[in-house]
There are 2 protein chains.
Amino acid sequence: MATPTATSRPTPEHIFNTLSAYQESAALKTAIDLDLFTAIADGANTSVLLAAKTGAAERGLRILCDYLSIHGFLSKAAGHYSLSQESAVFLNRRSPAYMGTLADFLASERSKTQFNALAETVRKGGTAVAQGDNTKPNDELWVNFARTMAPLTTVSAGFIADLAGAKEGKPCKVLDIAAGHGMFGITIAKQNPNALITAADWAPVLAVAKENAAAAGVADRVSFRPGSAFEADLGEGYDIVLLTNIFHHFDMATCERLMRRVHGALKPDGKAITLEFVPNEDRITPPMAAAFSLVMLAATDSGDAYTFSQYEKMFENAGFAKTTQYSVPDSPQQLLLSEK
Amino acid sequence: MATPTATSRPTPEHIFNTLSAYQESAALKTAIDLDLFTAIADGANTSVLLAAKTGAAERGLRILCDYLSIHGFLSKAAGHYSLSQESAVFLNRRSPAYMGTLADFLASERSKTQFNALAETVRKGGTAVAQGDNTKPNDELWVNFARTMAPLTTVSAGFIADLAGAKEGKPCKVLDIAAGHGMFGITIAKQNPNALITAADWAPVLAVAKENAAAAGVADRVSFRPGSAFEADLGEGYDIVLLTNIFHHFDMATCERLMRRVHGALKPDGKAITLEFVPNEDRITPPMAAAFSLVMLAATDSGDAYTFSQYEKMFENAGFAKTTQYSVPDSPQQLLLSEK
């Protein structure tokens, strides 16, 4: 927020706003929980109309909508609220790109509890309150992830499908490790009628991927390998192995161990595709990728956001000849293409 | 944070960052709790040196310091951290303007609990979890406020002392209502050796003001009137009555009731000085003043950030002839000078 003063002396405004930033998370999550953005899109564009529509108090709605206007999620003119472009695309439940479900993962009680214990976590060097070893199952967490975070994949899943040459339509065997909602493999299957997808994850999580495959009309070309990515039989002869948002959970030795299994599962000319938060070597840029390291500190024993040189080294140790980095447009993530 | 992409299509980045903003509060509070800024100022400017100094894990410190660098509280160059100008002034415990104590009020468990219940609060139209009637005592809360938030008053207390003509040195009787830490009255007393201050607040809170008056060397000119601002005998014949950050706790009728008591306590040519978050009539600018309304929604039954026209009306109803607004430099707050 802008400083409402004209001098250049330092003010504590940034400190004040940062210590209060949890209020922004709460306000946006509350608006999503009350489905305010959809209500406004549907025409309830004053606090009085919103109160009539939602049954919540006019005073509460007025103050919340003003706050959302201050933070750019709404616009306000003459007491009438309207959606920002971003809110219209992503927070109106009737939008095909709706992603209000993200609130239930990003601002979950579980995550807030982890960050409430951050001082203890920093002292310890790993999560002080969560199950920090993600080589072990954690069904409640990952089923919630699969049910809430799928909308965030649209852009990167499209980019991966392009990189995998899905539209060329050649026969292609794809292994999707830690598939979760399954949307990365499913997107390839939708674009390439000759692609066969194998989704690997814990069994309760794969139930979500199965639903999504059916909804996408590709259920006949998606099969499942339940269990640990470190222990289950993953199959072999794959053209492509997808590793989306998995390495950041582990220490480097564990990442290498997984990548060696991937190497063994690929055809001789197969490719591994990694989607990750990859900070620059300074580890503080770009901001979203670099900041993700703190989420892994809070949530895991030894996960991290690794740099490209760290991935290059790990993948080389696992047997891959060459890894190339691509920026995913409209996303804070990077894509790493590894050749056997 | 900047968008790391080159297109102008809407991205969910602002939504993602806002839902994650509680992490920023946690990171800054953790750094303050671990006194990292002081340690870095003292020369422990790498994660290894910080680990040796604080006993916390190097991994935890490295990730936390990187995160603080991303958010502008530190700078990082070649693995060495240094304080931003703001951190050096406000977060190094050896700085006279240190205000790390703010974290214990702004990001307290109490406040976070209030915001965790925001959906329920919006439905109800007033706090769902706190004691929402601040005409009643709440010693733990207000003693904590008095002990932690005093550093934030320096700038505005100086501005008020100037407006009260403290440096002219004329005999002057000042009543400081809801004095808390007492720093507004104490600042006048320090500048004007002929000022006599009466601090009114709940008795346990006044104990903090008493300590501060003694530390400032003005204890002989500060007296105390413990009890409710709505019921206690406030005295009379005051030249100035200070009302700093009190009206926002109440509904308008209660504010008027208090201001009528103030009117009765002032000399015929006396002045009331109100320090407040005063949003513009649009109620969404300036951002910090306008956003404060949500804090009052979360924390009280019926408090608010009132606009100037609302204050003008309340104060007129209470008998004041004229109220003038001043912007407080280097502060998000406004000052209202009311003439009897």
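The values are calculated or read from the model by the stated rules, or taken from the named source; none is laboratory data. Note that the structure is predicted; figures quoted are calculated from it, not measured. Because the Cβ atoms are built from the backbone with ideal geometry, glycine has one as well, and the counts that use them run over all protein chains shown.
Quick notes on this one:
- For segment B:182-196, filtered to residues that are among the small types (Gly, Ala, Ser) and within 16 Å of the chain's Cα centre (by Cα), the residue that is surrounded by the fewest Cβ atoms within 10 Å (Cβ to Cβ) is B:GLY182.
- Residue count, segment B:304-332 (criterion: in contact with a Phe, Trp or Tyr (Cβ under 6 Å, 6 or more places away or on another chain) and within 22 Å of A:ASP66 (Cα to Cα)): 1
- Candidates in segment A:24-36 are the residues that are more than 7 Å from chain B (Cβ to nearest Cβ) and touching a Ser or Thr at 6+ places or on another chain (Cβ under 8 Å); of these, the one that is nearest to A:CYS65 (Cα to Cα) is A:LEU36.
- Total residues in segment A:71-96 satisfying the condition of being surrounded by 15 or more Cβ atoms within 10 Å (Cβ to Cβ), touching a Pro at 6+ places or on another chain (Cβ under 8 Å) and more than 14 Å from B:THR18 (Cα to Cα): the figure is 1.
- Residue under evaluation A:TRP142, criteria (1) outside any loop (DSSP other than H, G, I, E, B); (2) over 30 Å from A:ILE273 (Cβ atoms), criterion not met: (2)
- Taken together, the residues in segment A:320-337 that are of a type outside the set (D, E, K, R), free of Cβ contacts under 8 Å to residues at least 60 places away in the same chain and away from chain B (no Cβ under 13 Å) amount to 4.
- Scanning segment A:113-129 for residues that are more than 9 Å from every other protein chain (Cβ to nearest Cβ) and either in contact with a Gly (Cβ under 7 Å, 6 or more places away or on another chain) or β-branched (Val, Ile, Thr) (or both) yields A:THR113, A:THR127, A:VAL129.
- Qualifying residues in segment B:37-63 (those that are more than 7 Å from chain A (Cβ to nearest Cβ), free of Cβ contacts under 8 Å to residues at least 60 places away in the same chain and closer than 25 Å to B:PHE105 by Cα) - the one surrounded by the most Cβ atoms within 10 Å (Cβ to Cβ): B:ILE40
- Single condition A:MET288 does not satisfy, out of (1) away from every other protein chain (no Cβ under 12 Å); (2) under 16 Å from the mean Cα position of the chain (by Cα); (3) of a type outside the set (Gly, Ala, Ser): (1)
- Residues that are under 17 Å from B:ALA289 (Cβ atoms) and either small (Gly, Ala, Ser) or buried (at least 19 other Cβ atoms within 10 Å of the Cβ) (or both), drawn from segment B:329-340: B:ASP330, B:SER331, B:PRO332, B:GLN333, B:GLN334, B:LEU335, B:LEU336
- Residue in segment A:6-23 that is within 30 Å of B:GLY72 (Cα to Cα), of a type in the set (S, T, N, Q) and more than 7 Å from every other protein chain (Cβ to nearest Cβ) present: yes
- Residues in segment B:122-143 that are in contact with a helix residue (DSSP H, G or I) (Cβ under 6 Å, 6 or more places away or on another chain) and β-branched (Val, Ile, Thr) were compared, and the one that is nearest to A:GLU24 (Cα to Cα) is B:VAL122.
- Filtered by the rule that a residue be assigned to a loop (DSSP other than H, G, I, E, B) and free of Cβ contacts under 8 Å to residues at least 40 places away in the same chain, segment B:165-178 gives B:GLY165, B:GLY169, B:LYS170, B:PRO171.
- Some residue of segment A:151-164 being modelled with pLDDT of 95 or more, in a loop (DSSP other than H, G, I, E, B) and either touching a Leu at 6+ places or on another chain (Cβ under 7 Å) or under 30 Å from B:PHE250 (Cβ atoms) (or both): no
- Pairing each residue of segment B:206-221 that is more than 18 Å from B:ILE177 (Cβ to Cβ) with any residue that is not in a helix (DSSP H, G or I), provided the two are 6+ apart or on different chains, yields no C-beta distance under 7 Å.
- Failed criterion for B:THR121 (all others in (1) part of a helix (DSSP H, G or I); (2) within 24 Å of B:THR38 (Cβ to Cβ) hold): (2)
- A residue that is crowded, with 20+ Cβ neighbours inside 10 Å, without any contact (Cβ under 8 Å) to a residue 12 or more places away in the chain and within 14 Å of chain A (Cβ to nearest Cβ) occurs nowhere in segment B:232-249.
- Within segment B:63-88, the residues that satisfy the criterion of being on the phi > 0 side of the Ramachandran plot and over 27 Å from the mean Cα position of the chain (by Cα) are B:ALA78, B:GLY79.
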